[in-house]
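Shown next, in C-alpha cells, is the structure this report addresses.
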Amino acid sequence: MRILIVDDDVITRRVLEITLRKHGYNPLMAINGQQAWEFLQQDFVPLILTDWIMPSMDGIELIQRIRAANFPSYSYIIILTALNTQRDIVHGLEAGADDFLIKPFHEGELLARLNIARRILELEQSLRETRDQLYHQATHDSLTGLLNRMAIIDRATMELERSRRAHQPFSLALIDIDHFKRVNDTFGHLVGNEALVVVAQIVKGLVRSYDSVGRWGGEELLLVLPDTDSATATQIAERVRRALSQHIFNLPSGVRLRLTVSVGISCTDIYHNSYLLLDTLFQHADEALYIAKRSGRDQVALFQSTTYTTEVPLKQPTISAG
C-alpha cells in the first residue's frame, strides 16, 4: 500500500522509509506540506503520515487543505510530531487528522496505527464500490447495459435545460427494431435478447461521446443528442440505421439474423426557439417513428412543424430511406 511521508527532517524520512518498506508499504516522500500538496494534485495517495512543524506549509495547513479538497476518496492522515501536550493533540485532531503519534515513535505502535488506517480505508473502498454498484443497477438496464428509462429521461431533462440556457439546439431520436416480434416468435426470447444486446452495442459505438443512449422499452432505444440540430440528428440517425441494416447478427446461440430499424426524430430548432416541454419532444419523436414504420420501415423520419402554439400542428415527417 502506498503511503505519503511528509517531514522536513531527512533522518526521520529515511528511518520511516526503511521501516515501512520492510513491512510491505510503498513510501513516497515530501519534504514539507507544500511539496506534499503539489504531489497530491497529480497523484492522490489515501494514507498520509505527516510532521506538524515544517517550512513553507506545516502539517496542520496541509491537513486543512486536504479536508477542503474534493479528492476521489478519503484521506487517512496521521500526525507524527514531537508536540505532545493534550492541547496539541486536540488541536491536531480538530484540524482534521485521524490519529496522532508522538516522536520518537515506537515501531510496533506505528505499525498498529497504520493497520487501523488500512482497515478503515479498505472499508471505505468497499462501501464506495458497493454504492457505485447500486447506483449502476438503479440507472442501467440489466440486459443491454444502457441507461434505463428513468435514467435516460433524467439525462434528457438535464440536457434540454442546459440547451435552453446555452441557446443551443437539442434533439431526440427514438429507435425501434423492425419486426422484432417475429424474432421472438420464431427463435425465442433468448435469441431476441441476444440480438437486442448487439443492437445496443452497435448504437452506443456509433454516437458521440457526449450523446446518451437508453433503453426506452422493449425493443426501443432513445438517443439524447445535445447541441444537435435537426440536420445533424438526421445524419446520426441515418448512420445508425445504415450500420444496423448492413450488419449480420451472428449471435451466441448460433442464429444468424439481419435486422433493420426505424427512427423518429424531434428537434427544438424547428420550433423557432419556442419553449418546449420534454414530453412534447417525446411525443413528436414517437409520431415521427410511427410515420417511418408506416411508410415501409428501415427509414429515418424527422418531425417537422412550421409553428408552435398550445396545439402543435402535425405535418408529415421528412423521410430518409436507405
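The values are calculated or read from the model by the stated rules, or taken from the named source; none is laboratory data. Every value quoted in this text rests on a predicted model; they were computed, and no experiment measured them. Heads up, the Cβs are rebuilt from the backbone with ideal geometry, glycines too, and the neighbour counts pull from every protein chain shown.
Got a number for residues in segment 2-17 being within 37 Å of the chain's Cα centre (by Cα) and loosely packed, with under 15 Cβ neighbours inside 10 Å?
1
What tally of residues in segment 160-219 results from selecting those that are of a type outside the set (Val, Ile, Thr), within 23 Å of Gln299 (Cβ to Cβ) and not in a strand (DSSP E or B)?
Here the count works out to 19.
Just to be sure, is Arg149 modelled with pLDDT under 95 and surrounded by 14 or more Cβ atoms within 10 Å (Cβ to Cβ)? Outline the logic, then answer.
Working: modelled with pLDDT under 95: no; surrounded by 14 or more Cβ atoms within 10 Å (Cβ to Cβ): yes.
So Arg149 fails the test.
Out of the residues in segment 54-83 meeting the condition of being surrounded by fewer than 12 Cβ atoms within 10 Å (Cβ to Cβ) and under 22 Å from Leu16 (Cβ atoms), tell me which one is modelled with the lowest pLDDT.
We begin by selecting, within segment 54-83, every residue surrounded by fewer than 12 Cβ atoms within 10 Å (Cβ to Cβ); these are 55, 68, 70, 72-73, 82.
Imposing the further condition that a residue be under 22 Å from Leu16 (Cβ atoms) reduces the set to 55, 82.
Values: Pro55: 91, Ala82: 86.
Ranking the qualifying residues of segment 54-83, first place goes to Ala82.
Quick one: is Pro72 without any contact (Cβ under 8 Å) to a residue 24 or more places away in the chain, part of a loop (DSSP other than H, G, I, E, B), in the same structural domain as His23 (by TED's automatic domain parsing) and of a type outside the set (Ser, Thr, Tyr)?
Working: without any contact (Cβ under 8 Å) to a residue 24 or more places away in the chain: no; part of a loop (DSSP other than H, G, I, E, B): yes; in the same structural domain as His23 (by TED's automatic domain parsing): yes; of a type outside the set (Ser, Thr, Tyr): yes.
So Pro72 does not fit the description; no.
If I filter segment 282-299 for residues that are part of a strand (DSSP E or B) and either over 28 Å from the mean Cα position of the chain (by Cα) or modelled with pLDDT of 95 or more (or both), do I get at least one hit?
Step one: of segment 282-299, the residues part of a strand (DSSP E or B) are 299.
Now restrict to residues that are either over 28 Å from the mean Cα position of the chain (by Cα) or modelled with pLDDT of 95 or more (or both): 299.
The answer is yes; a qualifying residue exists.
One line per residue, one yes/no per condition, for (1) in contact with a strand residue (DSSP E or B) (Cβ under 8 Å, 6 or more places away or on another chain); (2) closer than 27 Å to Ser295 by Cβ:
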{"site": "Ala138", "(1), (2)": "no, no"}
{"site": "Ser142", "(1), (2)": "no, no"}
{"site": "Met150", "(1), (2)": "no, no"}
{"site": "Leu174", "(1), (2)": "yes, yes"}
{"site": "His179", "(1), (2)": "no, yes"}
{"site": "Leu190", "(1), (2)": "no, no"}
{"site": "Leu196", "(1), (2)": "yes, yes"}
{"site": "Ala200", "(1), (2)": "yes, yes"}
{"site": "Gly217", "(1), (2)": "no, yes"}
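Tell me which residues, restricted to segment 160-202, are surrounded by fewer than 21 Cβ atoms within 10 Å (Cβ to Cβ) and among the β-branched types (Val, Ile, Thr).
Listed by number, the residues that qualify are Thr186, Val191, Val197, Val198, Ile202.
Looking only at residues that are of a type in the set (Gly, Ala, Ser) and crowded, with 24+ Cβ neighbours inside 10 Å in segment 240-267, which one is nearest to Asp279 (Cα to Cα)?
Taking the candidates together, the pick is Ser266.
If you check Ile89, Ile66, Ile78, which single one turns out to be within 24 Å of Val10 (Cβ to Cβ) and part of a helix (DSSP H, G or I)? Show your work before the answer.
Details: Ile89 fails: within 24 Å of Val10 (Cβ to Cβ); Ile78 fails: part of a helix (DSSP H, G or I).
From the options Ile89, Ile66, Ile78, the qualifying one is Ile66.
Can we say Phe44 is closer than 20 Å to Leu121 by Cβ, assigned by TED's automatic domain parsing to the domain that holds Ala117 and more than 30 Å from the chain's Cα centre (by Cα)? Give the derivation first.
Working: closer than 20 Å to Leu121 by Cβ: yes; assigned by TED's automatic domain parsing to the domain that holds Ala117: yes; more than 30 Å from the chain's Cα centre (by Cα): no.
No, not satisfied.
Please state which one of Gly205, Gly264 is of a type in the set (Gly, Ala, Ser) and in contact (Cβ under 8 Å) with a residue 12 or more places away in the chain.
Details: Gly205 fails: in contact (Cβ under 8 Å) with a residue 12 or more places away in the chain.
One residue alone meets the criteria, Gly264.
Can you work out which of the residues in segment 275-302 that are closer than 18 Å to Arg162 by Cβ and in contact with a Leu (Cβ under 6 Å, 6 or more places away or on another chain) is surrounded by the fewest Cβ atoms within 10 Å (Cβ to Cβ)?
Here the answer is Leu278.
Would you check if there is a residue in segment 181-189 being without any contact (Cβ under 8 Å) to a residue 40 or more places away in the chain, of a type in the set (A, V, I, L, M) and in contact with a helix residue (DSSP H, G or I) (Cβ under 8 Å, 6 or more places away or on another chain)?
No, segment 181-189 contains no residue that is without any contact (Cβ under 8 Å) to a residue 40 or more places away in the chain, of a type in the set (A, V, I, L, M) and in contact with a helix residue (DSSP H, G or I) (Cβ under 8 Å, 6 or more places away or on another chain).
Please tell me if Asp132 is more than 30 Å from Ile79 (Cβ to Cβ) and assigned by TED's automatic domain parsing to the domain that holds Tyr290.
Working: more than 30 Å from Ile79 (Cβ to Cβ): yes; assigned by TED's automatic domain parsing to the domain that holds Tyr290: no.
For Asp132, the condition - more than 30 Å from Ile79 (Cβ to Cβ) and assigned by TED's automatic domain parsing to the domain that holds Tyr290 - is not met.
Filtering segment 47-70 down to residues that are within 33 Å of the chain's Cα centre (by Cα) and of a type in the set (S, T, N, Q), which residue is farthest from Phe105 (Cα to Cα)? Full working, then the answer.
Filtering segment 47-70 for residues within 33 Å of the chain's Cα centre (by Cα) gives 47-49, 61-70.
With the extra rule that they be of a type in the set (S, T, N, Q), the set shrinks to 64, 70.
Values: Gln64: 24, Asn70: 31 Å.
That would be Asn70.
Can you tell me which residues in segment 125-156 are farther than 25 Å from Ala173 by Cα and either outside any helix (DSSP H, G or I) or in contact with a helix residue (DSSP H, G or I) (Cβ under 9 Å, 6 or more places away or on another chain) (or both)?
Step one: filter segment 125-156 for residues farther than 25 Å from Ala173 by Cα, giving 125-135.
If the condition is that a residue be farther than 25 Å from Ala173 by Cα and either outside any helix (DSSP H, G or I) or in contact with a helix residue (DSSP H, G or I) (Cβ under 9 Å, 6 or more places away or on another chain) (or both), then no residue fits.
Which numbered condition trips up Val224, out of (1) more than 21 Å from Arg164 (Cβ to Cβ); (2) touching an Asp or Glu at 6+ places or on another chain (Cβ under 9 Å); (3) at pLDDT 95 or above?
(1)
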